[in-house]
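All remarks here apply to the structure that follows.
Rule-based calculations on the coordinates, nothing more; no lab input. Quick caveat: nothing in here was measured; it's all calculated off a predicted structure. Here the Cβ is made from the backbone with ideal geometry for all residues, glycine too, and neighbour counts use every protein chain on show.
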Amino acid sequence: MLVELKVKNFAIIKDVRVEFSKAFNVLTGETGAGKSLIIDALLALMGRGDSSFVRSGEDFAEIEAIFSVDNTQIEEQSELKGEDFICIKKVIQSNGKSRQYINDGFVTQTKVKEILQKLLHVYGQSEAKELYDASYHSQLYDIYCSNVELKNQLKEILHKARAIKKELMSVEEDEQKRQQEIELLKYQIEEIEKANIVSTDEEIELQHKRVLLQNREKILRALSEVYNFIYSNEHSAYDLVSKCVKILSNISAADDIIIKSEEELRNTLQVFKGLAENISNHINFLEFGDLDINTVEARLDLFSKLKRKYGETLEDVKKYAQEARARLEKLQNLEIEKADLEKALEEKRNEITKLCRAITEKREKRLLEFSKNIEKELKDLGMPKCVFQVELKKVDAKSPEDLPYNGMEYVEFYFASHKGEPPKPINMIASGGELSRIMLAIKNVIPKEKEMTVIFDEVDSGVGGKTGEMLGMKLKEISKQHQVICITHLPQVAVWADRHIKIEKDESGKRVMVNIYVLDGKERLLEIARMLGGNVSDKGIEYAKELMSKVKEV
């Protein structure tokens, strides 16, 4: 239940606060006073408001709604369980940005909308006009028939069946094209496997060898010269150090420094010898090894060719080969896959048919009941001789998966305002006023499992007099199960309210202000009189008293 609403800097509203009754509330006021802005503020909470609603000259607009709740209304919101009240607030900045809060905690707009959809429902002329769209009829009627869950299941299975069918059609593409792809994949796999790429580092190693081979003569000359200087020449470094060792070893009175120097020189000899051996081996490798520049270049050219065709690196080439083998296996096992897909599609078709029959059975079973209930409601709303029918129109579909989400038939409402006239589709015959009353009748007939706040925005448009009185009674009846908030211009509706709220525009200052008053006693009587004739007169006051006394007698 909506307990309280605060609105600040919203359109022409500066700062207002209004408390609501748990039963039937009406909002009245002269045209342009700002009645619909209260509904606009609630819609803005649900995400339908932007910076254009921020009052001129202000930085932001703020809407805050306090709801009393029970666990059945917020059972899916674990963070709110145990709360008796929740406060939903939205701040809309003039730069277009907005923030939402629930009990002072920041939340997304999606979360706010999800919660508000369980707490309140707004409808008026715009929603009544949705009845012009026949697809909306199925949505309403299937709620009445308890088909919502079945239709959700049908939608899910239709999605799966269509995906399977799409894959099956892909599998059944031109056989010649499939064979061509198989031959191409075989060639590509063979080409990559023939290259025998053992390691992806091989390319780097070959590039190093190529540099070595391209400079072999120069390297050999340099290595030979170094070898001679270190070891093989008559006055090589090795020979000179050997002579130094011999000289020091012949000193009979050697001290520690001489002994240490001799030892270090002997170590140097070993270093020279090791270097000479390494250089000699490398010279032999370059002169007599199996390295061939042509072989290296050919291998690198092969790698370049493969990379141009299959990927930027050898790793990519190997990955391509792996994927090609998987694709080849899939194509070669096509018949098995095709049989599996056909079986899966047939199973989904059976499920679709079974669900559609269940949906149709529920629809057919409650056709007369629904029509009679609507006619009864419309009779109470001043249309005693109307005829209301539900027509089920078969869908022409080649296969079950081609059916729409509604099932095997479309639902369309037919209407005639008087008996004896043939009922016709609502979108062809119903007036605006009739449409509003039909929508109200449908909303009252469709079961609502949980208590919620129902907001009617000028649903009384196009009606008046006795019909308006019946409409007020109907809204009062709805308020026994749900909180009702109704914007109305009809005194015949307003007199039934448990709380009468007046919206008034004040233009006495520099800027327009909106004021809100809860009316009672004489103030309410005067407002009812104003609604009856525009100007309050003694006659209007007497008629207002008469209307109000009728309500007390019921």
In nanometres, the difference between 0.36 nm per residue of separation and the alpha-carbon distance of GLU264 and ASN152 is 31.2 nm
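Among DSSP beta bridges whose residues both lie in the chain, state the antiparallel percentage, nearest 5. Display every interim value, and only then the final one.
Working: 47 of 65 bridges.
Antiparallel bridges: around 70 percent, rounded to the nearest 5.
Once you compute Rg and the Kirkwood Rh from C-alpha atoms, what is the Rg to Rh ratio for the chain?
Details: Rg = 44.8 Å, Rh = 32.6 Å.
Using only Cα positions, Rg/Rh for the chain is 1.37.
So between ASP538 and ASP256, what do we pick up on full extension, going 0.36 nm a residue minus the alpha carbon distance? Walk me through the intermediate numbers first.
Values: separation 282, 0.36 × 282 = 101.52 nm, distance 13.71 nm.
Going from the current span to full extension adds 87.8 nm.
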Residue-wise HN-Hα coupling along the stretch 34-46, computed from phi with Karplus coefficients 6.51, -1.76, 1.60 (Hz; x: Gly, Pro):
x, 4, 5, 5, 5, 5, 4, 5, 5, 5, 5, 4, 7
Long pairs among LYS476/LYS502; LYS6/LYS480; LYS466/LYS502, criterion Cα-Cα beyond 20 Å:
LYS6/LYS480; LYS466/LYS502
What is the set of long-range amide H partners of VAL3 at a cut-off below 5 Å, with H atoms built 1.01 Å from backbone N?
ILE66, PHE67, SER68
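Tell me the relative contact order for the chain as a rounded percent, counting alpha carbon contacts under 8 Å between residues six or more apart.
Details: 770 pairs, mean separation 124.4, N = 554.
About 22 percent, as a whole number.
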Express in whole angstrom the spacing between the alpha-carbon centres of the stretch 159-186 and the stretch 344-404.
38 Å
Where the convex hull is taken over the Cα atoms of the stretch 201-312, what is its projected area averaged over directions, in nm²?
10.1 nm²
Cα axis of helix 109-119 to longest principal axis of the chain: angle in degrees, 0 to 90, nearest 10?
30 degrees
Given a Förster distance of 30 Å, the FRET efficiency implied by the Cβ-Cβ spacing of ASP340 and ASP316, rounded to the nearest 0.05, works out to 0.40
So if R0 is 35 Å, what FRET efficiency would LYS177 and SER399 give, r being the distance between their Cβ atoms, rounded to the nearest 0.05?
0.90
